[in-house]
1. Kindly indicate whether any position in segment 181-196 is touching a strand residue (DSSP E or B) at 6+ places or on another chain (Cβ under 9 Å), modelled with pLDDT of 65 or more and either outside any helix (DSSP H, G or I) or more than 30 Å from residue 149 (Cβ to Cβ) (or both).
2. Quick check on segment 110-123: of everything there that is in contact with a helix residue (DSSP H, G or I) (Cβ under 8 Å, 6 or more places away or on another chain) and part of a helix (DSSP H, G or I), which residue is farthest from residue 47 (Cα to Cα)?
3. Quick check on residue 126: is it modelled with pLDDT of 85 or more, in contact with a helix residue (DSSP H, G or I) (Cβ under 9 Å, 6 or more places away or on another chain), in a helix (DSSP H, G or I) and buried (at least 16 other Cβ atoms within 10 Å of the Cβ)?
4. Do we find that residue 142 is touching a helix residue (DSSP H, G or I) at 6+ places or on another chain (Cβ under 8 Å) and either assigned to a helix (DSSP H, G or I) or under 18 Å from residue 47 (Cα atoms) (or both) in this structure?
5. Go through the residues of segment 76-89 one by one and say whether even a single one is over 17 Å from residue 153 (Cβ atoms) and either at pLDDT 90 or above or out of contact with any helix residue (DSSP H, G or I) (no Cβ under 6 Å at 6 or more places or on another chain) (or both).
6. In this structure, does residue 152 turn out to be more than 20 Å from residue 45 (Cβ to Cβ), more than 18 Å from the chain's Cα centre (by Cα) and crowded, with 18+ Cβ neighbours inside 10 Å?
7. Over 20 Å from the mean Cα position of the chain (by Cα), modelled with pLDDT of 90 or more, surrounded by fewer than 18 Cβ atoms within 10 Å (Cβ to Cβ) and over 30 Å from residue 218 (Cα atoms) - does that describe any residue in segment 104-123?
8. Taking the options 323, 286, name whichever one is surrounded by 13 or more Cβ atoms within 10 Å (Cβ to Cβ) and in contact (Cβ under 8 Å) with a residue 60 or more places away in the chain.
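The values are calculated or read from the model by the stated rules, or taken from the named source; none is laboratory data. Keep in mind that this is a model prediction, so the values were computed, not measured. Here the Cβ positions follow ideal geometry from the backbone for every residue, glycine too, while neighbour counts run over all protein chains shown.
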């Protein structure tokens, strides 16, 4: 139980909840879609079923674990408080129905946007399976996060909270906030600008005499160039800044070093710039492989700048989620800072 007390939210079983929910969604998909191709109608229906099933499973699983933590007096004492979340239903069944309604509406909408934006006629079984795996995972992760935040509010945990302590912005693991969307927008615009600049250098972005900007599509046959340049951009945008923040956090005592050395990461360079150069080549290779596999798998011979833009954003987001814990682990090694 000590692990629970170290966190602001009881995030002990969310990985297992998410994986179980995803597995159930995949079983439903295998039963209903084995060996067939999928048009837009099937994809919308499947998305609605996935959204409803995911919401119901996640909400009841989270309620079970939070209720268990309350009975064991294992809830943290510094739980985030949100006025907005306390406006949502206290009753578990009503809250689950609300989440199911939103999931049942938003998931088909997402599927419809993806299907039409990338101009699919149909999706084959393997393609649909991969897409289902991706969106059901992220949907489940978000519902688990929101459900935990709802069930640890003072009106459901019998905490006494002063009125001035109730804020619209929780500390962490909260529902999306303005600052979150601002950061997301800034990241997108940075990526957009850097890749426009890259296009000007290699000649795929052309400014005509009439001041029109023409952007060439990303071609499968030349994705190695795209992967090489994108890998360099991602590496030098993320690794030095993440490393700097972690080093500062350890120097200031906010993050404690580990007591034992892990030989698998301790040999990585200590200097953040050397670490950046060291990670650059693997990231370039990974980026190129991912871009090639995605385009080949979904049958894209070419993608417009904006179609490829969202693939690049999704990949970069997942890559950063992997890089952050790796870099943290490196600099938490004894004598690493």
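1. Residues of segment 181-196 that are touching a strand residue (DSSP E or B) at 6+ places or on another chain (Cβ under 9 Å), as a first pass: 195-196.
Remaining after also requiring modelled with pLDDT of 65 or more: 195-196.
Now restrict to residues that are either outside any helix (DSSP H, G or I) or more than 30 Å from residue 149 (Cβ to Cβ) (or both): 195-196.
There is at least one residue in segment 181-196 that is touching a strand residue (DSSP E or B) at 6+ places or on another chain (Cβ under 9 Å), modelled with pLDDT of 65 or more and either outside any helix (DSSP H, G or I) or more than 30 Å from residue 149 (Cβ to Cβ) (or both).
2. 117
3. Working: modelled with pLDDT of 85 or more: yes; in contact with a helix residue (DSSP H, G or I) (Cβ under 9 Å, 6 or more places away or on another chain): yes; in a helix (DSSP H, G or I): yes; buried (at least 16 other Cβ atoms within 10 Å of the Cβ): no.
No: the conditions fail for residue 126.
4. Working: touching a helix residue (DSSP H, G or I) at 6+ places or on another chain (Cβ under 8 Å): no; either assigned to a helix (DSSP H, G or I) or under 18 Å from residue 47 (Cα atoms) (or both): yes.
So residue 142 does not fit the description; no.
5. First, pick out the residues of segment 76-89 that are over 17 Å from residue 153 (Cβ atoms): none.
Within segment 76-89 (the criterion being over 17 Å from residue 153 (Cβ atoms) and either at pLDDT 90 or above or out of contact with any helix residue (DSSP H, G or I) (no Cβ under 6 Å at 6 or more places or on another chain) (or both)), the answer is no, since none of the residues qualifies.
6. Numbers: more than 20 Å from residue 45 (Cβ to Cβ): yes; more than 18 Å from the chain's Cα centre (by Cα): yes; crowded, with 18+ Cβ neighbours inside 10 Å: yes.
When the stated conditions are applied, residue 152 passes them.
7. yes
8. Details: 286 fails: in contact (Cβ under 8 Å) with a residue 60 or more places away in the chain.
Within the list 323, 286, the selection yields 323.
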